[in-house]
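Engineer: One structure follows; several queries about it will come next.
The values are calculated or read from the model by the stated rules, or taken from the named source; none is laboratory data. Note that the structure is predicted; figures quoted are calculated from it, not measured. Note: ideal-geometry Cβ built from the backbone for every residue, glycine included; neighbour counts use all protein chains shown.
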Amino acid sequence: MIQTLKKMRQSWRRFLQDPSVLDTVPKTPQEIERFIRKVPFVWYQEVLLPYQLKTPGRDSRKKFEFAGLDQAVRGKTVLDLGCNVGALCFLAEESGASQVTGIDLDGTLIRAARVLNAIRQNHVEFKPGDARKALSHFGPKSFDFVFAFAMLHKMTRCENQWAILTEAAYAEDLKLQEHMLSTAAQIAREAVYLELTYRVSHYVRAKENYPAASEVNPALFVERYTRPNYFKKIEMIGDLQKKDQPAPGGKMRVIYRCLPH
């Protein structure tokens, strides 16, 4: 955690010295490498780039394929909420999606995503904005698929999704969650994809109040939101982490496919 904060501060200092790094499109291998080094944040997502280069970060391809999206999105429209620098957006377009839109509250991430978009010669539309407000601007059935993989727990004060569903102290968080899911269900024609996080024994970052895997029933989320105004069916796809391997960082992520009415 301390090392991560140090890297973030160093990145911001570099960026303040040269903010134009997000205003131009690098073309040569040297320019692309310089861009990767200069951006003012620690890379969270891995994005493949020309010249066998890539951004540091976690590979989203396994999750994308595990959810069956490499086949499902062909010829479809996609909205990615909390898109970060666009890794899932780029994978969707690579897989044949006809139109892809990414939204993130962090304008700096969106600017970086647009640079990556240009480097890769993709055609994703990236928009800065609050996902909760953005959802209300789309009409019914505006997209075939809505991605909200790593976002649901970021919209509420409590990151423990199970406590939100079961404890009266989090009534306001529950309202936010219900509003987001009901709105997402309205604008998706085929499915909304979610990712809920829980912790295993060696997870040490207590400030993120994820529930312990031993304390929850993952089916509770399914039971809660399989009803009118939400979803007609919720499929718990599962966790792509192998059971015989420790979860990276002590976090396990369960993927859900939510089918609207």
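Engineer: Out of (1) within 15 Å of Thr108 (Cα to Cα); (2) of a type outside the set (Asp, Glu); (3) modelled with pLDDT under 80; (4) part of a helix (DSSP H, G or I), what's the single condition that is false for Gln3?
Structural biologist: (1)
Engineer: For the stretch 25-135, list the helices (runs of 4 or more DSSP H) that sit wholly inside it and hold at least 1 residues that are of a type in the set (S, T, N, Q); which are they? First the steps, then the outcome.
Structural biologist: Working: elements: 29-38, 61-66, 69-72, 87-94, 107-120.
Once the helices (runs of 4 or more DSSP H) in the stretch 25-135 are filtered for at least 1 residues that are of a type in the set (S, T, N, Q), what remains is 29-38, 69-72, 107-120.
Engineer: Would you point out which residue out of Lys127, Lys175, Lys133 is basic (Lys, Arg) and either in contact (Cβ under 8 Å) with a residue 12 or more places away in the chain or buried (at least 22 other Cβ atoms within 10 Å of the Cβ) (or both)? Reasoning before the result, please.
Structural biologist: Working: Lys175 fails: either in contact (Cβ under 8 Å) with a residue 12 or more places away in the chain or buried (at least 22 other Cβ atoms within 10 Å of the Cβ) (or both); Lys133 fails: either in contact (Cβ under 8 Å) with a residue 12 or more places away in the chain or buried (at least 22 other Cβ atoms within 10 Å of the Cβ) (or both).
When all the criteria are applied, what remains is Lys127.
Engineer: Looking at the stretch 178-189, I want the residues that are within 10 Å of Asn229 (Cα to Cα) and have a partner that is in a helix (DSSP H, G or I) and aromatic (Phe, Trp, Tyr) with Cβ atoms under 9 Å, at least 6 apart or on another chain. Which pairs are those?
Structural biologist: Every condition considered, the pairs that remain are Glu178/Tyr225; Leu181/Tyr225; Ser182/Tyr225; Ala185/Tyr225.
Engineer: Specify the residue that is modelled with the lowest pLDDT; the eligible residues are those in the stretch 191-204 that are part of a strand (DSSP E or B) and either under 18 Å from Glu65 (Cβ atoms) or among the small types (Gly, Ala, Ser) (or both). Before the answer, list the steps.
Structural biologist: Here is the first cut: in the stretch 191-204, the ones part of a strand (DSSP E or B) are 191-199.
With either under 18 Å from Glu65 (Cβ atoms) or among the small types (Gly, Ala, Ser) (or both) added as a condition, the list becomes 191, 193-195.
Numbers: Ala191: 98, Tyr193: 96, Leu194: 92, Glu195: 88.
By that ranking, first place goes to Glu195.
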